[in-house]
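Visitor: Structure in C-alpha cells, see below.
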Amino acid sequence: MSPLRILLSFAPWIVFAILSGQAPASTTIAILAALAVTIVTGYQDLAKKYVLAWVTLVFFVFSSGAVIVLKWYFLIPLLGILSMASLSLVCWITAAFGKPFTLPYALEGASPAIVASRQFLRANYVITGVWGFIFVANTLIAIAAYSIPGLHDSGLGNATWITILIGVAFTVWYPAYLQKRYSRQMGSGAE
C-alpha cells in the first residue's frame, strides 16, 4: 500500500480534523469539505464497496444531517471522539469478520503469488491491528481533550497527528520488511 493511497483513503478525516473547530460555522465547513473529499477521492472505493470508504461517507452524511440540518450543535465537541471511535470500529470489526480493512487496498498492487501466501493475510491483520490501536489511543486522547478543560489547547492534538504518522510509516515499512524477509528466506532456502 503506497503512502499516497493511505493518505487518500484517510483524506476526508484529515480534512475534517484540520478544518473543524468548536463553532458551528467552522464545523459546517469541515463537514462539507470532508464530504466533498470523500466523494472526489473515494468514488472508486465506494464503487468497489470498500468498507472504509462507506463508513467515511456514512459518518459525514450523518454529521451533515445532525449538525447542519438538525442543528444538533451539542454534537460538535463530540465529533472528534465519534470520528476516532468510528475508525477504530472499522479496524476491529473488519478484522473480527476476517476481512481486515487494509485487505482490498493491499490486493490492488499485489501479485497473485503474494496474495496466495499466508503471510499476506497475516500482514493485513497486523496492519489493521496497528491502526486499530492507533484509533483507540486517539479516541482516548479525544475523550481526555473533551473531558479535561484546557487540555485541548495544551498541544495534546499533536499526539493524534504523531500516532497517525506512525501508522502511515508502519503501513509503508511493514510490507517492505516482510518482502525483504521473504526474499532472504527464499534465497537461503534455494542454496
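The values are calculated or read from the model by the stated rules, or taken from the named source; none is laboratory data. Nothing here was measured: the structure is a model prediction, and the numbers come from that model. We place every Cβ from the backbone using ideal geometry, glycine too, and count neighbours over all the protein chains shown.
Visitor: Kindly list the number of the only condition in (1) under 28 Å from N158 (Cα atoms); (2) modelled with pLDDT under 95; (3) not hydroxyl-bearing (S, T, Y) that fails for F62.
Guide: Checking F62 against (1) under 28 Å from N158 (Cα atoms); (2) modelled with pLDDT under 95; (3) not hydroxyl-bearing (S, T, Y), the one that fails is (2).
Visitor: Same structure, new question: Scan the range 12-31 for residues that are modelled with pLDDT of 95 or more, surrounded by 17 or more Cβ atoms within 10 Å (Cβ to Cβ) and either among the hydrophobic types (A, V, I, L, M, F, W, C) or in contact with a Phe, Trp or Tyr (Cβ under 7 Å, 6 or more places away or on another chain) (or both) and report the count.
Guide: Selection size over the range 12-31: 6.
Visitor: Between a first residue in the range 62-73 that is closer than 16 Å to Q22 by Cβ and a second residue that is in a loop (DSSP other than H, G, I, E, B), which pairs have beta carbons less than 9 Å apart while being 6 or more apart in sequence or on different chains?
Guide: A66/W72
Visitor: Could you please find all residues in the range 132-146 being under 10 Å from T163 (Cα atoms) and either of a type in the set (D, E, K, R) or touching a helix residue (DSSP H, G or I) at 6+ places or on another chain (Cβ under 8 Å) (or both)?
Guide: Result: I134, F135, A137, N138.
Visitor: In the range 128-167, which residues are outside any helix (DSSP H, G or I) and charged (D, E, K, R)?
Guide: none
Visitor: So which residues in the range 66-94 are under 18 Å from F170 (Cα atoms) and either among the small types (G, A, S) or in contact with a strand residue (DSSP E or B) (Cβ under 7 Å, 6 or more places away or on another chain) (or both), if there are any at all?
Guide: Within the range 66-94, S88 is the sole residue that qualifies.
Visitor: Restricting to the range 138-150, give me the number of residues that are under 24 Å from the mean Cα position of the chain (by Cα) and either of a type outside the set (A, V, I, L, M, F, W, C) or surrounded by fewer than 16 Cβ atoms within 10 Å (Cβ to Cβ) (or both).
Guide: Qualifying residue count, the range 138-150: 7.
Visitor: Where residues in the range 36-56 are crowded, with 19+ Cβ neighbours inside 10 Å and aliphatic (A, V, I, L, M), which of them is nearest to V90 (Cα to Cα)?
Guide: Here the residue is L52.
Visitor: Being over 25 Å from L35 (Cα atoms), in contact with a Gly (Cβ under 9 Å, 6 or more places away or on another chain) and surrounded by fewer than 18 Cβ atoms within 10 Å (Cβ to Cβ) is the requirement here; does L121 meet it?
Guide: Working: over 25 Å from L35 (Cα atoms): yes; in contact with a Gly (Cβ under 9 Å, 6 or more places away or on another chain): yes; surrounded by fewer than 18 Cβ atoms within 10 Å (Cβ to Cβ): yes.
Considered against the rule, which asks whether it is over 25 Å from L35 (Cα atoms), in contact with a Gly (Cβ under 9 Å, 6 or more places away or on another chain) and surrounded by fewer than 18 Cβ atoms within 10 Å (Cβ to Cβ), L121 comes out as yes.
Visitor: Then there's this: Which residues, counting only those in the range 1-26, are farther than 24 Å from I134 by Cα, assigned to a helix (DSSP H, G or I) and in contact with a helix residue (DSSP H, G or I) (Cβ under 9 Å, 6 or more places away or on another chain)?
Guide: Hits for the range 1-26 are P24, S26.
Visitor: Here is a follow-up. Condition test on A95, is it touching a helix residue (DSSP H, G or I) at 6+ places or on another chain (Cβ under 6 Å), part of a helix (DSSP H, G or I) and under 17 Å from I14 (Cα atoms)? Quick ask: steps written out before the conclusion?
Guide: Working: touching a helix residue (DSSP H, G or I) at 6+ places or on another chain (Cβ under 6 Å): yes; part of a helix (DSSP H, G or I): yes; under 17 Å from I14 (Cα atoms): no.
In short, no.
Visitor: Would you check which residues across the range 115-138 are of a type outside the set (S, T, N, Q) and free of Cβ contacts under 8 Å to residues at least 40 places away in the same chain and list them?
Guide: V115, A116, R118, F120, L121, R122, Y125, G129, F133, I134, A137
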